[in-house]
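The values are calculated or read from the model by the stated rules, or taken from the named source; none is laboratory data. Just so it is clear, the model here is predicted, and its values are computed rather than measured. Areas reflect the complete protein model, heavy atoms only, side chains present, ligands, DNA and RNA absent. Shrake-Rupley method; radii C 1.70, N 1.55, O 1.52, S 1.80 Å.
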Amino acid sequence: MGYLYLALSILFELFGTSMLKASQGFSKPLPVIGVVVGFVVAFFFLSLTLKTIPLNAAYAIWSGVGSVATVIISVLIWKEKISTGSLVGIALIVLGVVVLNLFGPGHGDTSSSAQTEVVSAK
């Protein structure tokens, strides 16, 4: 269920970010409402995500997928240009999210956490 909440959080964050662009510096009231609603709902679902997914993994996925999807939206919807440097940056973000998911919490040796509990119990 945590990953469903995370996906919903990302979708609402993308909506809020798109409305941020559409608000033209908060000068258009309807998109401003979309910004507020989008981000409030995004953070609500992100908070539900954190009940089951560790913070560092959840936030890495949330910000990484959000960043990559925002670039795609900016190119497809807002007709913005993308450079080679931007593509390299996006690739590094994706790589970072993959590394965190492969080697982050819950994927490593649990003996270190057991040692921490023993040390703190003394």
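Shown for the chain: the carbon plus sulfur share of the solvent-accessible area, taken with all protein chains present and a 1.4 angstrom probe, equals 74%. Taking every protein chain into account, the accessible area of the chain amounts to 65 square angstrom per residue (probe 1.4 Å). One decimal place: the segment Phe44-Lys81 gains 10.1 nm when fully extended, by the rule 0.36 nm per residue minus the C-alpha distance. Remark: segment 43-60, residue by residue, has Karplus-estimated 3J(HN,Hα) of 5, 4, 5, 5, 5, 5, 4, 6, 6, 10, 10, x, 3, 5, 6, 4, 5, 4 Hz, where x stands for each Gly or Pro and the curve is 6.51 cos²θ - 1.76 cosθ + 1.60 at θ = phi - 60°. Rounded to the nearest 10 square angstrom, Leu100 shows an accessible area of 60 square angstrom against a 1.4 Å probe. If the segment from Ile90 to Met1 were pulled out straight at 0.36 nm per residue, it would be longer than the present Cα-Cα gap by 29.3 nm. Using a probe of 1.4 Å on the protein chains alone, the accessible area found for Ser27 is around 80 Å².
Note on the chain: Lys pairs 8 or more places apart or on different chains, Cα atoms under 28 Å apart, count 4. Phi angles of segment 86-100 translate, via the Karplus equation with coefficients 6.51, -1.76, 1.60 and θ = phi - 60°, into HN-Hα couplings of 5, 5, 5, x, 4, 4, 5, 4, 4, 4, x, 5, 4, 4, 4 Hz per residue; Gly and Pro are given as x.
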